[in-house]
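The values are calculated or read from the model by the stated rules, or taken from the named source; none is laboratory data. These numbers were taken from a predicted model, which means no experiment stands behind them. In this analysis, Cβ positions are derived from the backbone assuming ideal geometry, glycine residues included, and neighbour counts consider all displayed protein chains. Protein only, heavy atoms only, side chains kept; ligands, DNA and RNA dropped before computing areas. Shrake-Rupley method; radii C 1.70, N 1.55, O 1.52, S 1.80 Å.
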Amino acid sequence: GWDAAASAFDRATTIGSPKRGDLVRFAIGYAWALRSVNRDPEAVELLQSVLNEFRDGASVAALGSVVALLASALWALEKVAACNDVLDSWLPNLPTGERPEVAAIGLFIAATCWDQERVARYRQHLPSRASMSPSVRALADAAESIEASGRGDYQTARQRMDECLARLAESPGRRSDLLPFTSLLIEYRHSGVRRVSQQLPELLRRTRLGNQNLFSGIFFRACVQLAAGDWEDAGASIAEAAEIREVISVSAPMFALPALMAALSGDRGRWAPRIKHATEEALRARCSDTLLQLGPWSALALEERIPELEDLLGGVVAGKGMTPRFIALAFFPFGFALWSHARGRADLLERLATASRHVDASPWARAHDALMRGVALNLSGRRAEAATELDTAARAFSVLQSPFFAAYAAHTAGIDDDAGRRLLEKLGVSGIGTGDGRRPKRPRGTAGLTPREREVAGLVAQGMTNRQAATQLFLSERTIEIHLGNVYAKLGVGSRAMLLRQLWSQGDPAAALARA
């Protein structure tokens with residue numbers, strides 16, 4: 001695997017450096033291996049050193065691939081300015097045949113950053129669509145799909161992404177592992193939870209995934225589960241993803257999910273140290289997109305304030321700088337309204353009440369904009385205006401099949417919605433049914449199991465393996481393991497046999513669980 005490849009390249013460098021003529025081919029292979037085992041900073045250092053070898057203008061084959069790889073690694077690390085510097089300094093000086101690959105990756109990156117000026121600039125370096133190689137055409141199609149998604153033009157976005165995926169069969173490679181998830185993200189932004197929740201488990205099972213793409217897939221699943229109100233499964237997915245070693249720009253946004261759950265329920269639980277660490281690391285690395293996703297929820301969830309974070313959040317709201325990259329899955333901007341209110345900043349609430357991210361017109365973004373404005377208006381005491389925005393948000397999230405956000409918007413607006421109220425009570429959302437906003441303590445025994453834990457225990461008691469239970473529930477085997485571990489801990493058992501005996505002692509396992 002990639003770990004073995006990276007180790008082999010490591011050993012090779014202890015023997016000696018490749019000759020200048022072989023350096024580019026060696027570096028490309030080494031960088032792919034490093035990126036596939038989440039060693040992007042090392043890949044950046046390697047690729048920059050290679051480019052420095054050819055600053056004298058010497059022409060060498062495949063140098064464009066080095067530039068494209070370096071730009072991709074910098075973008076993954078949220079070093080967008082450095083990425084743009086590399087593209088600006090190398091693209092015009094590459095041989096004509098080397099430019100399309102670099103221009104295509106630049107086009108894709110610019111599209112994800114909503115940078116129309118650069119999109120136009122990179123398009124000038126691309127040949128006609130008929131003359132593009134399959135890999136270049138795939139990236140160009142993906143970039144156009146993202147642009148159309150931002151305009152709210154789902155038909156064009158879907159058409160271009162389908163064309164992109166068709167090109168992947170002609171150009172297999174590591175990049176093709178990520179683009180199917182980009183396709184699913186477009187589906188999510190326009191169609192909501194249900195179709196994505198059906199497609200994502202199968203995509204996770206069959207896609208050739210390096211660690212970074214595996215992490216992104218599990219993170220995506222957790223976001224879908226949170227929106228659907230399946231917070232227990234979301235927590236299990238977060239625990240699964242947290243076991244994968246990742247660079248901070250990739251891993252930190254995920255902690256926006258437990259931070260949101262902690263902020264709204266008052267139950268900080270075991271995630272507080274990880275949330276704080278991720279926030280401090282993101283501040284240290286200046287990961288702007290990460291902080292847009294994690295920042296407000298971290299500030300609300302943690303007991304102690306982080307002055308640098310507080311200053312950053314105030315600056316973001318004051319400048320309305322709230323347009324993260326296309327891939328920012330955990331961007332839920334109503335957190336900025338809750339934070340502004342918690343800090344007594346009426347001026348910031350007023351800004352949020354009128355803010356709109358015109359650059360992103362997808363249904364998902366527009367629904368969250370309406371929720372943010374509605375919450376800000378409500379907290380400012382402007383109930384009638386708030387009700388209009390919140391009703392819009394609740395209806396939009398219902399269409400997007402996102403029960404949690406729909407329920408939160410409806411409750412904040414004072415809309416009578418029994419199903420939504422019950423969901424918020426189950427989740428222990430602050431001020432809903434539990435007095436102080438904390439989750440009620442669960443008793444020991446099977447009555448102490450959550451609904452999902454009872455479901456997993458019941459399937460295991462029927463003799464299913466973890467894999468069979470995962471298939472039955474559309475979850476991963478690792479998620480089943482996490483739920484089963486929670487069942488063992490709550491019931492005080494250490495094996496399937498002990499679990500079965502305890503359940504049978506209460507009668508038929510399925511009946512016992514149904515009564516719990």
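Numbers below:
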{"item": "Nearest-0.05 FRET efficiency for Thr471 and Glu310, computed from C-beta distance (R0 60 Å)", "result": "0.85"}
{"item": "Lys/Arg +1, Asp/Glu -1 at C-beta; the chain dipole; positive extreme among Ser49, Leu459, Ala318", "result": "Leu459"}
{"item": "Point-to-point label distance, Gln155-Tyr488, nm (Cα→Cβ direction, 7 Å offset)", "result": "5.5"}
{"item": "Only Lys, Arg (+1) and Asp, Glu (-1) charged, at Cβ; the chain dipole about Cα centre in debye", "result": "900"}
{"item": "Which label in (i) 71, 58, 50; (ii) 75, 58, 44; (iii) 109, 84, 53 gives the computed Cα extents along the principal axes in Å", "result": "(ii)"}
{"item": "Burial ranking of peptide ranges 306-319, 61-74, 287-300 (average Cβ count within 10 Å, highest at the top)", "result": "287-300, 61-74, 306-319"}
{"item": "Centre separation in Å (Cα based) which lies between the stretch 245-278 and the stretch 77-138", "result": "34"}
{"item": "Residue among Ile109, Ser237, Ala256 farthest towards the positive dipole end of the chain, charges placed on Cβ", "result": "Ser237"}
{"item": "Carbon + sulfur, % of accessible area of the stretch 271-341 - ligands and nucleic acids excluded, 1.4 Å", "result": "50"}
{"item": "Mean Cβ neighbour count within 10 Å, used as a protection proxy, ranking 217-227, 274-284 highest first", "result": "217-227, 274-284"}
{"item": "Carbon plus sulfur fraction of accessible area for the stretch 1-126, probe 1.4 Å, in percent", "result": "53"}
{"item": "Crossing angle, helix 20-36 versus the chain [Cα axis fit, 0-90 degrees, rounded to tens]", "result": "10"}
{"item": "Solvent-accessible area per residue for the chain (1.4 angstrom probe, square angstrom)", "result": "42"}
{"item": "Per-pair calculated FRET efficiency, R0 = 45 Å: Glu202 and Arg343 via Cβ, rounded to 0.05", "result": "0.55"}
{"item": "Net charge of Cβ neighbours under 10 Å - reference Met161; Lys, Arg +1; Asp, Glu -1", "result": "-3"}
{"item": "Set of aspartates and glutamates near Lys490 by C-alpha distance (under 13 Å), chain-local residues within fewer than 8 positions excluded", "result": "Glu453"}
{"item": "Computed E for Glu53/His358 - FRET, C-beta separation, R0 60 angstrom, nearest 0.05", "result": "0.85"}
{"item": "Cα-based helix-to-principal-axis angle, 363-379 vs the chain, degrees rounded to 10", "result": "50"}
{"item": "Leading residue at positive end of dipole, the chain (Cβ point charges), from Ala285, Ala387, Leu226", "result": "Leu226"}
